[in-house]
Amino acid sequence: MTVDFALYAADDVQTAIVAWLTPLRRTGFERTAGDPLPSCVVELVAGTESVGQSFSDPVVSVHTFCDKSLGAPAARDECAKTHNRMLLLFDEHEITIGTRVVGIDYLEVVESPRWEYYSDNILRKVARYRLGLPYVPNI
Amino acid sequence: MASSADEVHTILAEGFDQAAAAGHLDAALDEFMAEVVTVWQGYSPVRTGAYRNSVQITQAARDGKGQVGATSVKANLIEYGSEHNPEYAPRAKTIEYFNRPQT
């Protein structure tokens, strides 16, 4: 039995942003208790998609987790690095994942980084971004 | 040409702003905010229902301005997640619901 698929679709934004932030620090789709700090998690929280226009506009949350015992200034600096790395996508329109290149048409800051409670031992900042991802051929 | 698309847009926007500031659109705004509440509650996780029920019009329309919000003390934990719960993001989902392309 054969199953047909669409020839074009948007790349997975979570995978792309995880790859983009990984050179900075440990980054993943979710956080597990005991994971080393600092670390980042990328979550897909919302977004729209237009098949007719072959375009996807996902919104992702980027969480930066830091060891509270190292103090708020250290956490602030780590979180600033995350945001600065994300802002680079305003000018850099490609994310390379192995041999695949993901195109980024635009970046918008939906919510600037803000402190949000996570646990008694971990400081966290969360920022939200909207990215424009064009449909590309499925490989 | 004396006018352009930008000028037409500016004239329409100014007319809209003036009507809103005069309170002429308040009834429509209240109606829209009620729709926002319905969508937001639809995206809300429900265990006791306290969070979902806390989503309401927190400021009725007046002179073109109003406000919808979640008044639960757990609102931020539900929106952004925590060590004990996922990031449900009902507010973000609601915003995107109304931002979706109208095709």
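Counting only protein heavy atoms and a probe of 1.4 Å, the accessible surface of the stretch A:84-139 is 52% carbon and sulfur.
In chain A, excluding the sites themselves, the longest stretch lacking any of the chymotrypsin sites (Phe, Trp or Tyr not before Pro) that are in a DSSP loop with at most 16 other Cβ atoms within 10 Å is A:30-116. Given in Å, the Rg to one decimal and the Dmax to the nearest whole number for the Cα atoms of the stretch A:26-139 are 15.5, 50.
With one equal scatterer per alpha carbon and no solvent term, the Debye-computed log10 I(q)/I(0) for the protein assembly as shown at 0.07, 0.09, 0.16 1/Å reads -0.31, -0.51, -1.23.
For the stretch B:1-64, the fraction of 1.4 Å probe accessible surface lying on carbon and sulfur atoms is 56 percent.
Solvent-accessible surface of the stretch B:1-52, averaged per residue with a 1.4 angstrom probe and all protein chains in place: 72 square angstrom. Calculated translational diffusion coefficient of the stretch A:34-84 (4 °C, 1.567 mPa s; Stokes-Einstein with Kirkwood radius over alpha-carbon pairs) equals 100 µm²/s. Placing pseudo-labels 7 Å out from each Cα toward the beta carbon at B:GLN59 and B:VAL73 gives an inter-label distance of 2.4 nm. Can you compute the label reach from A:TYR8? Point 7 Å from Cα along the Cβ direction, backbone N cut-off under 18 Å, restricted to the stretch A:73-111. Hits in the stretch A:73-111 for A:TYR8 at 18 Å: A:101-106.
With all pairs of separate Cα atoms included, chain B yields a Kirkwood hydrodynamic radius of 15.7 Å. Modelled spin-label separation between A:PHE90 and B:ASP30, with each label point placed 7 Å from Cα along the Cα-to-Cβ direction: 4.1 nm.
Accessible surface buried by the B/A pair amounts to about 1400 Å², both sides summed, 1.4 Å probe.
The values are calculated or read from the model by the stated rules, or taken from the named source; none is laboratory data. On a predicted model such as this, the values are computed, not experimentally measured, just so you know. Every residue, glycine as well, gets a Cβ built from its backbone with ideal geometry; the counts of neighbours run over all protein chains shown. Remember, those area values only see protein heavy atoms, side chains included, never the ligands or the DNA or RNA. Shrake-Rupley method; radii C 1.70, N 1.55, O 1.52, S 1.80 Å.
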